[in-house]
1. Taking segment 22-47 only, how many residues are on the phi < 0 side of the Ramachandran plot and either outside any helix (DSSP H, G or I) or loosely packed, with under 10 Cβ neighbours inside 10 Å (or both)?
2. Being exposed (fewer than 10 other Cβ atoms within 10 Å of the Cβ) and of a type in the set (A, V, I, L, M) is the filter; apply it to segment 1-12 and report the residue that is farthest from residue 41 (Cα to Cα).
3. Among the residues of segment 1-21, how many are in a loop (DSSP other than H, G, I, E, B) and among the charged types (D, E, K, R)?
Amino acid sequence: MKKPSAKIRDEIAKLQEQLKIAEAREAERIGRIALRVGLGEIEIDEAELQAAFEQLTKRFRGGQGGTTGGKKGGGAASTPAVASGAAAGGIGEA
């Protein structure tokens, strides 16, 4: 049986709200860590900061960015969303 389009729209709206909440929670977590290590005090262009987060993501996913060390894979699956969301939200503005 097919779902009515209104019901599908409602489900999409609920999922979008859940995504928004999850991204905010992840951004707050990354933001708190960044502030603890002093990242909020560094004057850096947002594009440079995003590039640094992308390198960090590659490092922890086992890619080519960054230095040796760290875990491959692990819990970094949500990092790209956080990185882009955090950079777009302006960690430096916190």
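The values are calculated or read from the model by the stated rules, or taken from the named source; none is laboratory data. None of these values were measured; they are calculated from a predicted model. For neighbour counting, all protein chains shown are included, and Cβ atoms are generated from backbone atoms with ideal geometry for every residue, glycine included.
1. Our first condition is that a residue be on the phi < 0 side of the Ramachandran plot; within segment 22-47, this holds for 22-37, 39-47.
Next, only the ones that are either outside any helix (DSSP H, G or I) or loosely packed, with under 10 Cβ neighbours inside 10 Å (or both) stay: 36-37, 41-45, 47.
Matching residues across segment 22-47 total 8.
2. 1
3. 2
Here is a yes/no grid of residues against (1) of a type in the set (A, V, I, L, M); (2) modelled with pLDDT under 90; (3) out of contact with any strand residue (DSSP E or B) (no Cβ under 6 Å at 6 or more places or on another chain):
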{"residue": "20", "(1), (2), (3)": "no, no, yes"}
{"residue": "28", "(1), (2), (3)": "no, no, yes"}
{"residue": "50", "(1), (2), (3)": "no, no, yes"}
{"residue": "54", "(1), (2), (3)": "no, no, yes"}
{"residue": "70", "(1), (2), (3)": "no, yes, yes"}
{"residue": "73", "(1), (2), (3)": "no, yes, yes"}
{"residue": "83", "(1), (2), (3)": "yes, yes, yes"}
{"residue": "88", "(1), (2), (3)": "yes, yes, yes"}
{"residue": "94", "(1), (2), (3)": "yes, yes, yes"}
